[in-house]
Amino acid sequence: MLSSGLSQGSVPKLQRPGPLREQVYEALLELIITRSLTPGQHLVETELAGHLGVSRQPVREALQRLNTEGWVDLRPAQGAFVHEPTDEEADQLLVVRALLETEAARLAAANATSKGLERLEELCEAGEAAVTADDVDAVVAANAALHACVMELAGNAVLAELARQVERRVRWYYTPVARQRGMQSWVEHRELIAAIAERDGERAQQVMRVHTEHTRTSYHQRSHED
């Protein structure tokens, strides 16, 4: 176990060649999103550089960028810390996510192909298997992939781009409640897939609205219990 709280297996391997600063940024961001680096955790440049096998300079640059984007807080005379999102921040993001995804569900019901529906079924099966195996990382990945698939089936490029802008923060907020949501989340996914398959846009919207609201509520319940 590393002193920064990371297990050796959780540290991503940097692939070279390529812009090193970008690779370090992506590696640190993924560790934050998956909560391998937890909210409020102190980020020590020398330790992170050692774990990633790089010098301190690209780590420092990555932390500055992450600070600008709101993932990291740089505190004078204290250093860098993983940002701790407020309830208001989470609520605003999850409300926007719900608006985007309910419209995507409606459009997917109108535009989904048989191949797309098969993909949704595969992702749902993967998510259910991950819940059964209590593999939170796999659950979060399958959940993100399923929602991205719905967005793709919607066929609206502007909507998809807006969704991509919030997708990483959605994963960040979903990770701590994935186990709490458990199989119920995938029951809701099954209902969504059925509505899309039946070309029932209104029903698909309703299911997605309830589904995203359950996640938002679960996040707030969790934060109040911690």
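The values are calculated or read from the model by the stated rules, or taken from the named source; none is laboratory data. None of these values were measured; they are calculated from a predicted model. Here the Cβ positions follow ideal geometry from the backbone for every residue, glycine too, while neighbour counts run over all protein chains shown. To get the accessible areas, we keep the full protein, side chains included, count just its heavy atoms, and leave off ligands, DNA and RNA. Shrake-Rupley method; radii C 1.70, N 1.55, O 1.52, S 1.80 Å.
Structural remarks
- Euclidean distance between Cα centres, segment 16-71 to segment 119-195, Å: 26
- Projected onto planes of every orientation and averaged, the convex hull of the alpha-carbon atoms in segment 26-155 covers 10.2 nm².
- Here the extension length gained between GLU30 and ARG164 equals 46.7 nm, from 0.36 nm per residue of separation less the Cα-Cα distance.
- Cα-Cα separations in segment 146-226 greater than 15 Å, expressed as whole percent: 62
- Signed unit charges on C-beta, dipole axis of the chain, positive-most listed residue ALA148, VAL54, ILE33: VAL54
- Compared with the alpha-carbon gap, the fully stretched path from VAL96 to ARG60 is longer by 9.8 nm at 0.36 nm per residue.
- Probing with 1.4 Å while keeping every protein chain in the model, the per residue accessible area of segment 47-155 equals 47 Å².
- Principal axis extents of the Cα atoms in segment 46-92, from largest to smallest and rounded to whole angstrom, are 37, 22, 16.
- At 0.692 mPa s and 37 °C, Stokes diffusion of segment 169-216 via Kirkwood alpha-carbon radius, µm² per second: 292
- For the chain, the alpha-carbon radius of gyration amounts to 1.08 times the rule-of-thumb value 2.2 N^0.38 Å expected for a compact globular protein.
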